[in-house]
Amino acid sequence: MKPSLVVVVGAGLSGATAAWSLATQHSSRVLVLEARDRVGGRLYSSGGAGAVLDLGAAWTWPSHDVALGQVCKAVGVATRPQFDDGSPVAELAPGQPRRFPPSRTFSEERRLAGGAAALPARLLEAAASAAGDSFELRTSCAVSRIALVDGGAAVEVTYRRVGEGDVGAEARVLAGCVVVAAPPRLVAAQVTFSPELPAPTARAMARSPTWMADTAKVAFVADAPFWRAAGYSGSASSYAGPLRQVWDNSQDLGGEGARPALVGFAMGDDAAELARGGDAARAVLRRARAQIDAMFPGADEHVTDETFLAWGAEEWTRHEGAGMREPAPSFGHPALRSPDLLGGRLVLAGTETEDEHGHMEGAVRSGLRAAEHAGRQLAPTGA
Ligand SMILES: Cc1cc2nc3c(=O)[nH]c(=O)nc-3n(C[C@H](O)[C@H](O)[C@H](O)COP(=O)(O)OP(=O)(O)OC[C@H]3O[C@@H](n4cnc5c(N)ncnc54)[C@H](O)[C@@H]3O)c2cc1C
């Protein structure tokens, strides 16, 4: 008899969506294996200072993010508008910011209440409560090998403990189907497949840089939204310092763990220096702080904490290569969505695999697609 278990590799938004859909709509037994000691992947809504800071994804565009909106609604995650009332700032030369009359920087962007990471957490909670003993999440478990066994009747998934505790210990589990919901290039570098994946799929995986893995976000937490009081929206753009774009991260003010904060994007060499850490990162942080002080009068008095997250330093996100600047990435390549991998017992998810690649919408769509495939594969009447 073939095993009825579906193993989901990765508890980011795509894996959490797949697990939720399998548990609630396909009645599958599900085991989620996550390498980090937390869920959410590129959705991370903390960072210290007791604040809800979106240091990974931040925005949803409701007119476009239809699948994301439906999933949010299903598990009760609300959205809030991105604050954008007041004067924006532009910095065209170092230390010379210019304040503009009140105008909007954002169009329809909204934020997930409680931070973007609330969504995968809620999806996994809902999966657990729907499936009971048929659902399990194991964190700090990195998958290293996926092999077709028993004459094609099952897949054997090998994983090892990482992080803390029994590090290096290997374990194996037999599944009827495996959903790999991790960045394709990272998977191509870290996971071996037996038999090898078809060349077009392996090539497309290696040619899909991990979306935004070469960026960083820097946050400045304040004791009050001092910029609002002075008529600023908190939105800024700059060609002169490490923070290229800055915005008001205080959408949850009044809610639990919400503190006023300005957050900004660092990219290119500045993001790479932040990922290097130590003195290199401290130098970028000093320049970023000087930008905030110059752009928003009162920052020197009100900013209490600063923090950053450089995704290039994250073992379970980063990749080799030029990232978003690569000339011909294979995002959304049809070979990434092949239904025939390992005889149909393996399906790839992850935002990079979708036509609508890159954003949370792609992650959700890929998770739903993968769950549909795995559910069909294991259905009593299925292939
Ligand atoms: C700085 C930044 C800003 C962004 N801004 C936005 C935005 O405003 N709006 C938007 O819609 N999108 C945005 N995005 C993109 C969005 O975050 C991603 O599309 C989405 O989170 C991807 O989800 P995923 O599940 O496909 O991948 P991930 O979130 O990368 O999840 C993959 C999971 O797999 C795990 N994993 C990796 N390898 C293994 C292994 N071998 N074994 C077990 N587990 C493994 C990882 O730890 C991770 O938890 C942004 C991303 C970044 C980094």
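What the table shows:
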| read-out | value |
| --- | --- |
| Test: Ala127 is surrounded by 20 or more Cβ atoms within 10 Å (Cβ to Cβ) and either more than 23 Å from Pro260 (Cα to Cα) or modelled with pLDDT under 95 (or both) | yes |
| Verdict on Phe220 being closer than 30 Å to Ala371 by Cβ, in a strand (DSSP E or B) and either at pLDDT 95 or above or within 18 Å of the chain's Cα centre (by Cα) (or both) | no |
| Residue ranges of strands (runs of 3 or more DSSP E) in the range 138-216 with at least 3 members within 9 Å of the ligand (Cβ to nearest atom) and either modelled with pLDDT of 95 or more or of a type in the set (D, E, K, R) (or both) | 141-149 |
| Flag if Leu5 is away from the ligand (no atom under 11 Å from the Cβ), modelled with pLDDT of 95 or more and closer than 20 Å to Tyr159 by Cβ | yes |
| Yes/no for Arg36 being at pLDDT 95 or above and outside any loop (DSSP other than H, G, I, E, B) | no |
| Subset of the range 283-335 (residues that are touching a Pro at 6+ places or on another chain (Cβ under 7 Å) and aliphatic (A, V, I, L, M)) | Val284, Ala288, Ala294, Met295, Met324, Ala335 |
| Filter result (free of Cβ contacts under 8 Å to residues at least 40 places away in the same chain and surrounded by fewer than 22 Cβ atoms within 10 Å (Cβ to Cβ)) within the range 269-296 | Asp269, Arg276, Gly277, Gly278, Asp279, Ala280, Ala281, Arg282, Ala283, Arg286, Asp293 |
| Within the range 223-247, tally of residues that are within 21 Å of the chain's Cα centre (by Cα) and surrounded by fewer than 24 Cβ atoms within 10 Å (Cβ to Cβ) | 2 |
| Close pairs (8 angstrom Cβ cut-off, 6 or more residues apart or separate chains): of a type outside the set (S, T, N, Q) in the range 322-346, assigned to a helix (DSSP H, G or I) and surrounded by fewer than 18 Cβ atoms within 10 Å (Cβ to Cβ) anywhere | His333/Pro200; Ala335/Pro200; Ala335/Arg203; Gly343/Gly152; Arg345/Gly152 |
| Residue count for the range 43-79, restricted to those that are closer than 25 Å to Ala222 by Cα and among the charged types (D, E, K, R) | 1 |
| Residue list for the range 292-324, restricted to those being away from the ligand (no atom under 15 Å from the Cβ) and charged (D, E, K, R) | Asp293, Asp300, Glu301, Asp305, Glu306 |
| Failed condition for Val71, given (1) in contact with a helix residue (DSSP H, G or I) (Cβ under 7 Å, 6 or more places away or on another chain); (2) within 30 Å of Met295 (Cα to Cα); (3) buried (at least 21 other Cβ atoms within 10 Å of the Cβ) | (2) |
| The lone exception for Arg29 - which of (1) more than 11 Å from the ligand (Cβ to nearest atom); (2) surrounded by 23 or more Cβ atoms within 10 Å (Cβ to Cβ) it fails | (2) |
| Residues of the range 40-64 satisfying the condition of being assigned to a loop (DSSP other than H, G, I, E, B) and either touching a Phe, Trp or Tyr at 6+ places or on another chain (Cβ under 6 Å) or near the ligand (Cβ under 7 Å from one of its atoms) (or both) | Gly41, Arg42, Leu43, Leu55, Gly56, Ala57, Ala58 |
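Table: residues versus (1) under 30 Å from Asp150 (Cβ atoms); (2) within 16 Å of the ligand (Cβ to nearest atom).
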| position | (1), (2) |
| --- | --- |
| Gly344 | yes, no |
| Thr351 | no, yes |
| Glu354 | no, yes |
| Gly367 | yes, yes |
| Ala370 | yes, yes |
| Ala374 | yes, yes |
| Leu378 | yes, no |
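The values are calculated or read from the model by the stated rules, or taken from the named source; none is laboratory data. Just so we're clear, the structure is a prediction, and the values are computed from it rather than from any experiment. Here the Cβ is made from the backbone with ideal geometry for all residues, glycine too, and neighbour counts use every protein chain on show.
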